[in-house]
Amino acid sequence: LATGAVALFDEKYGAEVRVISLGDYSKELCGGTHLERTGEIGLFKIIKESSVAAGIRRIDAVTGYRALRYVQDADQKLKGMASLLGVPAEDVGDRVEQVLQRQKELEKELRKKSSGPAQSAGKKIEPRITEVKGIRIATAEIDGADHKELRELADRYLEELKSGVVALATKVEGKALIVVKVSKDLSGQYPAGKLIQSAAALLGGTGGGRPEMAQAGGPRVEGIPEALIKIQDAI
């Protein structure tokens, strides 16, 4: 103790006590490190560091062969990640940052899309459901939707109908747009491409498409209500 050795344990020591010194960093009374020299420890790998109390930190570590196995396992995991990401092991960190950044961008786009005009309108506006010859027809005018959003809403409404026809309209850059979607069981008898033709003329434009989906557009936005009715008349 007179030489400056630290006693960290509440042990009862005899007249002679082994002193463990690690260079100029530490000099302590023996606490149970049963080694002749620090070199016998071999590889020393810290795996966890935490707070025990104010001003006191706890370090968990593995040594010797166990430390070697720990490092080898970590190396295998790193190589596995590198393989999944398609980059060399030394580039895993950079690649993960890129993936996380792209994920943030996609999540931002998704949030923006979810709160977009078409989604908001889709939640607020319930389509008008009518029935002609036993066929359910859903029609609605959606403000602020673009071409893609209008098609997505038509898909959603058709999925809810199961069997039927959906006709949605909107104004895009001062022009009228109508999308018609027909369920597969009805597309043979009532192809969307033919149903849209009668509506296209009322918009002052043209239209066409496949049996299950068609669209028409034109400058006459005031013709939208009549055009939606015309699709029902065509059926």
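For the reader, a short list of remarks on this structure follows.
- Evaluation of LEU158 against the conditions (1) assigned to a helix (DSSP H, G or I); (2) farther than 18 Å from ALA138 by Cα shows that the sole unmet condition is (2).
- Boolean, LYS181 is within 18 Å of GLU126 (Cα to Cα) and either in a strand (DSSP E or B) or in contact (Cβ under 8 Å) with a residue 40 or more places away in the chain (or both): yes
- GLY217 part of a strand (DSSP E or B), open to solvent by 10 Å² or more (accessible area, probe 1.4 Å) and small (Gly, Ala, Ser): yes
To keep it simple, each residue is scored yes or no on (1) in contact (Cβ under 8 Å) with a residue 40 or more places away in the chain; (2) of a type outside the set (Lys, Arg); (3) in contact with a Gly (Cβ under 9 Å, 6 or more places away or on another chain).
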residue: GLU28; (1), (2), (3): no, yes, no
residue: ARG37; (1), (2), (3): no, no, no
residue: GLU40; (1), (2), (3): no, yes, yes
residue: LYS45; (1), (2), (3): no, no, no
residue: ALA54; (1), (2), (3): no, yes, no
residue: ILE59; (1), (2), (3): no, yes, no
residue: LEU68; (1), (2), (3): no, yes, yes
residue: LEU84; (1), (2), (3): no, yes, no
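- Qualifying residue in region 187-199 (condition: under 15 Å from GLU141 (Cα atoms), in a helix (DSSP H, G or I) and modelled with pLDDT under 85): yes
- Breaking point among (1) touching a helix residue (DSSP H, G or I) at 6+ places or on another chain (Cβ under 9 Å); (2) crowded, with 17+ Cβ neighbours inside 10 Å, for GLU226: (2)
- When restricted to residues that are loosely packed, with under 10 Cβ neighbours inside 10 Å, within 36 Å of the chain's Cα centre (by Cα) and not basic (Lys, Arg), region 46-59 contains 2.
- Criterion applied to GLU152, GLU159, GLU126, GLU107 was being in contact with a strand residue (DSSP E or B) (Cβ under 9 Å, 6 or more places away or on another chain) and either at pLDDT 85 or above or open to solvent by 10 Å² or more (accessible area, probe 1.4 Å) (or both), and the one residue passing it is GLU126.
- Consider region 21-45 and keep the residues that are under 52 Å from the mean Cα position of the chain (by Cα) and of a type in the set (Ser, Thr, Tyr). The one that is nearest to ALA74 (Cα to Cα) is THR38.
- Scanning region 196-212 for residues that are open to solvent by 30 Å² or more (accessible area, probe 1.4 Å) and of a type in the set (A, V, I, L, M) yields a total of 2.
- Under the condition of being in a loop (DSSP other than H, G, I, E, B) and within 15 Å of GLY207 (Cα to Cα), the residues counted in region 161-178 number 0.
- Just one of the listed residues (VAL165, VAL179, VAL92, VAL87) is modelled with pLDDT of 85 or more, open to solvent by less than 40 Å² (accessible area, probe 1.4 Å), of a type outside the set (Phe, Trp, Tyr) and more than 31 Å from the chain's Cα centre (by Cα), namely VAL165.
The values are calculated or read from the model by the stated rules, or taken from the named source; none is laboratory data. These numbers come from a predicted model, not from an experiment. Please note: Cβ atoms are built from the backbone with ideal geometry, for glycine as well, and neighbour counts cover all protein chains shown. What goes into the accessible areas is simple: the full protein's heavy atoms, side chains included, and nothing from ligands, DNA or RNA. Shrake-Rupley method; radii C 1.70, N 1.55, O 1.52, S 1.80 Å.
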